[in-house]
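Engineer: One structure, pasted below without further comment.
Values quoted throughout were computed directly from the atomic coordinates according to the rules given, and no laboratory measurement underlies them. None of the values given here were measured: they were computed from a predicted structure. Neighbour counts are summed over all protein chains in view; Cβ atoms, including those assigned to glycine, are modelled from backbone coordinates with ideal geometry.
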Amino acid sequence: MLNVLLDGFPEDYMGYPINTDFRVGILLTLLVEDNKYDDSLKMLKACDLLYKEKVPDLMTALDGITWFLSCGKSEDYFEDDIEKRSKESSSNTKCIDFNFDSMDIWGAFWGRGIDLSNTKMHWFKFMSALSNLGDCPLTQKISYRSMDTSKLKGESKKYYEELKEKYKVKNIISKEEYEQSLKEKESMFGSYYMKLLGKG
C-alpha cells in the first residue's frame with residue numbers, strides 16, 4: 001500500500017515511468033467516461049497519455065491506469081468489492097465533472113492562491129487538494145448533487161430537490177446533437193415554441 005507521507009509521490013508504476021501531471025489525470029478521467037470511443041481505442045490513448053517511455057504488458061498497463069486514477073488506492077480493493085463498487089457508482093448521481101465544473105474547480109484553487117492554468121502538480125496532490133477545499137461554491141454544488149432527499153418531506157424535500165436539479169451535472173453535447181435536438185423540439189411543439197426560444 002502506498003503511503004505518501006513515507007514514500008513520497010510516485011513517478012513510476014512497477015518501474016515504468018509515468019506522466020504524473022494533474023492534467024493527465026483529468027484527460028484520463030474524461031477519456032474513460034467518453035462513450036464515443038470503443039474500449040480498445042481508449043486503452044491505446046490511455047497508455048499513450050500515462051506512460052512516458054515503454055508501455056508494459058496489457059494487464060500491467062490496465063492495472064497502472066486504474067492505480068493512477070485511484071491515486072494508489074486500487075491496491076486496497078478486494079476483487080469481491082469491484083462489482084459492488086461499480087453498481088454503487090452507476091446508481092449514484094454524478095457529483096463532479098472535469099468539463100462541466102472546470103471553471104468552479106479553477107476558481108476554488110485560485111481562491112487558495114493556486115493558479116491551475118500555469119501550475120505543475122502531481123495528480124495525487126491535485127486530487128487530495130480537491131477533496132479538501134473547504135467551503136466554496138464548488139463544494140456547495142457537490143453537496144447539493146450528492147444529497148439524499150429520500151427521507152425528507154414537504155417543503156424541505158422540494159427545496160433540496162430543486163437545488164439538486166439546478167446544480168446537477170449536465171451533459172455537454174456537440175453542435176450537431178444540439179441542432180438535432182432543436183429539430184425534434186420544433187417537430188413536437190411547432191414554430192411558435194422555436195420563436196419563444198429565439199430560434200424562429
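Engineer: Quick one: what are the phi-derived ³J(HN,Hα) couplings along the range 23-30, Karplus 6.51/-1.76/1.60 with θ = phi - 60°, whole Hz, x for glycine and proline?
Structural biologist: Coupling constants for the range 23-30: 5, 5, x, 5, 4, 5, 4, 5 Hz.
Engineer: What pairs in 45/168; 94/166; 141/166 have C-alpha atoms more than 19 Å from each other?
Structural biologist: Among 45/168; 94/166; 141/166, the Cα-Cα distance tops 19 Å for 45/168.
Engineer: Please list, by residue number, every one of the GluC sites (Glu not before Pro) in the range 1-74 that is coil in DSSP and has at most 10 other beta-carbon atoms within 10 Å.
Structural biologist: Numbers: sites: 11, 33, 53; in loops: 11, 53.
Sparse-neighbourhood loop GluC sites (Glu not before Pro): 53.
Engineer: What spacing in nm lies between the two simple spin-label points modelled at residue 60 and residue 98, each 7 Å away from Cα in the Cβ direction?
Structural biologist: 2.5 nm
Engineer: Distance in nm between label sites at residue 153 and residue 5, each 7 Å beyond Cα in the beta-carbon direction?
Structural biologist: Here the answer is 4.5 nm between the modelled labels.
Engineer: Now, a different point. Can you work out the Karplus-derived ³J(HN,Hα) for every residue in the range 43-56? Use 6.51 cos²θ - 1.76 cosθ + 1.60 with θ = phi - 60°, whole Hz, and x for glycine or proline.
Structural biologist: Computed from phi, the couplings for the range 43-56 are 4, 4, 5, 4, 4, 5, 6, 7, 8, 6, 10, 6, 8, x Hz.
Engineer: Another question, if that's okay. 7 Å from Cα along Cα→Cβ at both residue 38 and residue 117: what's the point-to-point distance in nm?
Structural biologist: According to this spin-label approximation, the distance is 4.0 nm.
Engineer: Follow-up. Non-local amide H neighbours of residue 13 (under 5 Å, H modeled in plane, Pro and chain starts lacking H): which ones?
Structural biologist: 18
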